[in-house]
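Student: Okay, handing you the structure first.
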Amino acid sequence: MLPESTAGERLTAGAPRHDGASTGQAVLRGFLGRCPHCGKGRLFRAFLKVTDRCPACGEEFHHHRADDFPAYLVIFIVGHIVVSLLYSVETQFRPAIWVHLAIWLPLTLVLALAFIQPVKGAVVALQWVFGMHGFETAKEARDSALRDAAPMAIPPNKPANRQSR
């Protein structure tokens, strides 16, 4: 359930946060390895190790719980890419098995390593946006700041008053 402001306004998932970042912007920032809050600080301190807090804005990330979800997403993405290409090559050229192994094993490894960090960054950013797994306090603070900064920025969900004749 989406939170409501004090004036009965409804905050939507795509609504801008108090820093102006929408859900898509925050996820893109995470995908690029940047802080989903400010977009300036680095999200990772090592290849897959998320930093405890953003060096630029101080947003805390130590409580994130991405677990195995990024790996599942990478398997899904890389599997679709590699299987599609493998099928195309097999039906058009019918190479020997050793050629398949020489092409598809390294390609699978390279694609998996290339996608795992950006996908994990996007997952952490999604958790941050929706206030999941320890990000609840930060989300409540963002929503509160959004309501306090511009109470009429999000119109209330009231039906239009139309009279039919």
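Student: For Pro95, all conditions in the list (1) within 23 Å of the chain's Cα centre (by Cα); (2) outside any helix (DSSP H, G or I) hold save one; what is the number of the exception?
Tutor: With respect to (1) within 23 Å of the chain's Cα centre (by Cα); (2) outside any helix (DSSP H, G or I), Pro95 is out only on (1).
Student: Please specify each residue of segment 23-60 satisfying the condition of being part of a loop (DSSP other than H, G, I, E, B), in contact (Cβ under 8 Å) with a residue 40 or more places away in the chain and touching a Pro at 6+ places or on another chain (Cβ under 9 Å).
Tutor: Correct list: Leu32, Gly33, Leu43, Leu48, Glu59.
Student: Looking only at residues that are at pLDDT 95 or above and crowded, with 18+ Cβ neighbours inside 10 Å in segment 62-75, which one is farthest from Ala114 (Cα to Cα)?
Tutor: Here the answer is Pro70.
Student: Check segment 149-161 and report whether any residue there is polar (S, T, N, Q), modelled with pLDDT under 95, surrounded by fewer than 15 Cβ atoms within 10 Å (Cβ to Cβ) and more than 30 Å from Leu32 (Cβ to Cβ).
Tutor: Within segment 149-161 (the criterion being polar (S, T, N, Q), modelled with pLDDT under 95, surrounded by fewer than 15 Cβ atoms within 10 Å (Cβ to Cβ) and more than 30 Å from Leu32 (Cβ to Cβ)), the answer is yes, since at least one residue qualifies.
Student: Considering Thr51, Thr23, which residue is of a type in the set (S, T, N, Q) and out of contact with any helix residue (DSSP H, G or I) (no Cβ under 7 Å at 6 or more places or on another chain)?
Tutor: Answer to the check: Thr51.
Student: Listed residues Leu107, Leu101; which is closer than 30 Å to Arg42 by Cβ, outside any loop (DSSP other than H, G, I, E, B) and modelled with pLDDT of 75 or more?
Tutor: That would be Leu107, the only listed residue that is closer than 30 Å to Arg42 by Cβ, outside any loop (DSSP other than H, G, I, E, B) and modelled with pLDDT of 75 or more.
Student: Restricting the search to segment 32-45, which residues are over 15 Å from Pro118 (Cβ atoms) and either surrounded by fewer than 18 Cβ atoms within 10 Å (Cβ to Cβ) or among the basic types (Lys, Arg) (or both)?
Tutor: Once the filter is applied, which keeps residues that are over 15 Å from Pro118 (Cβ atoms) and either surrounded by fewer than 18 Cβ atoms within 10 Å (Cβ to Cβ) or among the basic types (Lys, Arg) (or both), segment 32-45 yields Cys38, Lys40, Arg45.
The values are calculated or read from the model by the stated rules, or taken from the named source; none is laboratory data. The shown structure was predicted, so the numbers you read here are calculated from the model rather than taken from an experiment. Cβ atoms come from the backbone with ideal geometry, glycine included; neighbour counts cover every protein chain shown.
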